[in-house]
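In what follows, a structure is listed as structure tokens, so that the remarks can point back to it.
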Amino acid sequence: MTGHENPHDDANADPASRHGRGSAETPAAEGWFGTMRQLDFDIDFFESLLCRNPGSIDVLRVLAELVSQKGLVARAVELDHRLVQALPNDFLARYNLACSLARAGRPDEAIDSLTRAILLGYDDIAHLETDPDLDSLRDLPDFQELLGHGRTA
């Protein structure tokens, strides 16, 4: 999936030092974050935003990326399906759904979603060939055929 690296999600980082206040002995952020890591905090935050506004495309996109980073594959599939329902002609939503489906062990659905993404205009075949989210599809004849069609399209 495409996304942004989270520079604050470092397992070895002191929470106080990330925020520039407090010390290792008395981190000022302790009361706010507790023992929660940044990625978990972000997921909780965007889940609460989604509860308030279930139709927000922006919130759905960010939350789908976050849960994917966390490895919550079933939740990523669910959110990506919602995005495709809301944006049926969005090639990026279709591509991200394909990635989530591939990670969930649903290769036929993943290839179908990839096919639709390409038909809708997804054209970054170089990324498709190297995206680790699609590793489970690499050796499948349908995926290889799709790559062949993508190169000539």
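Give me a comma-separated list of calculated 3J(HN,Hα) values for segment 96-113, in order, Karplus coefficients 6.51, -1.76, 1.60 applied at θ = phi - 60°, integers in Hz, x for any Gly or Pro.
Per residue, the Karplus-derived 3J(HN,Hα) values read 5, 4, 4, 4, 5, 5, 4, 5, 7, x, 10, x, 4, 5, 5, 5, 4, 5 Hz.
On a full-extension model of 0.36 nm per residue, what is the gain between ALA86 and ASP123, subtracting their alpha-carbon distance, rounded to one decimal in nm?
Stretched fully, the ALA86-ASP123 segment lengthens by 11.2 nm.
So if each residue of separation counts as 0.36 nm, and I subtract the Cα-Cα distance between PHE45 and GLU78, what length gain in nm does that give?
10.1 nm
Each value in this text was obtained by applying a stated rule to the coordinates, not by laboratory testing. Owing to the predicted nature of the structure, the values given are computational and were not obtained by experimental measurement.
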